[in-house]
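The values are calculated or read from the model by the stated rules, or taken from the named source; none is laboratory data. These numbers come from a predicted model, not from an experiment. Quick reminder, even Gly has a Cβ in these numbers, built from the backbone with ideal geometry, and neighbours come from all protein chains shown.
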Amino acid sequence: MRIILVHGDNLQKSYERLGKFIDSAKKREWVVERFNANDKIQDILVSQSLFGEKKLFILEDAEKLDKNKLKWMKGFLDDIEGTLVIYSGKTLTKTFINSLPKIDKIENFELPKIIWSFLDSLYPGNSTNSLKMFNKLIETDAPEFIFTLIVRQVRDMYYLKIAPESIDYPSWRKNKLTAQMRKYKDGQLERFLKKLAEADMKTKTSVVNITDLLDYIIISELE
């Protein structure tokens, strides 16, 4: 079996790449089978077509694979025909990658450092700096994409506040988010999240300029 690993926190780019694999397979009239780490991957991967079609397997949420499944994959995938794309919307560690079966090709899609700097800048009293970076980012990235990242960042801080055990991030990432979350006074984080939810609703139900909406939210909530 040919194995390709696609991973990284740039969800827009990594999912675009995943889509190209699927489109290419369909043009070749391959069977495309998508599943995730919680499914019975042994049954799925060993299943054979009665008509001998070529198959593209796509395993999503690879970071959730447990030790038993990883062990099985290392021992049996060499004897299975087809192509397997292992996908994760996170940047996988070298240790985890080494636990996977032999990879024929690795494609890593990581967010540029300026995006992380921007997300880390989202806290009260820092609106000028945040707005400056936001306007720089939308010169090269779609504002809709930046919006999804802002929502994820603020949502993660909120969950860290109310249910820290629900955030499955490395300790360094959780510590960084916790430090950022603590810069918000009581009620500020919840209000910020509510404004983002309202903005999301507006973009889906009316013709609005998402850039102007985000400009306003950043200024008003982080002043």
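Side notes on the structure shown:
- Residue check, T93 assigned by TED's automatic domain parsing to the domain that holds R191 and of a type in the set (V, I, T): no
- Extreme residue, nearest to I4 (Cα to Cα), among residues of region 88-119 that are among the hydrophobic types (A, V, I, L, M, F, W, C) and in a helix (DSSP H, G or I): I97
- Filtered residues of region 135-151 (kept if outside any helix (DSSP H, G or I) and either within 13 Å of L213 (Cβ to Cβ) or modelled with pLDDT of 95 or more (or both)): I138
- Among residues that are out of contact with any helix residue (DSSP H, G or I) (no Cβ under 6 Å at 6 or more places or on another chain) and touching a residue at least 24 places away in the same chain (Cβ under 8 Å), E110 is included.
- Residue match in region 38-61 (condition: closer than 21 Å to W172 by Cα, among the aromatic types (F, W, Y) and without any contact (Cβ under 8 Å) to a residue 12 or more places away in the chain): no
- Enumerated helices (runs of 4 or more DSSP H) restricted to region 152-223, each holding at least 1 residues that are over 24 Å from T91 (Cβ atoms): 188-205, 210-221
- Residue identified as among the basic types (K, R), touching a helix residue (DSSP H, G or I) at 6+ places or on another chain (Cβ under 6 Å) and either farther than 14 Å from F134 by Cβ or at pLDDT 95 or above (or both) among K195, K204: K195
- Filtered residues of region 1-40 (kept if among the acidic types (D, E) and within 22 Å of T140 (Cβ to Cβ)): D9, E16
- Scan of region 170-216 for residues that are surrounded by 14 or more Cβ atoms within 10 Å (Cβ to Cβ), charged (D, E, K, R) and closer than 21 Å to D9 by Cβ, ordered by number: K174, K176, D200
- Note on region 120-134: residues that are surrounded by 14 or more Cβ atoms within 10 Å (Cβ to Cβ) and part of a helix (DSSP H, G or I) total 7.
- Residue in region 26-42 that is out of contact with any Phe, Trp or Tyr (no Cβ under 8 Å at 6 or more places or on another chain), more than 30 Å from E221 (Cα to Cα), surrounded by fewer than 16 Cβ atoms within 10 Å (Cβ to Cβ) and of a type in the set (S, T, N, Q) present: yes
- Checking the stated criteria, G82 turns out not to satisfy the condition of being assigned by TED's automatic domain parsing to the domain that holds L213, over 17 Å from the mean Cα position of the chain (by Cα) and at positive phi.
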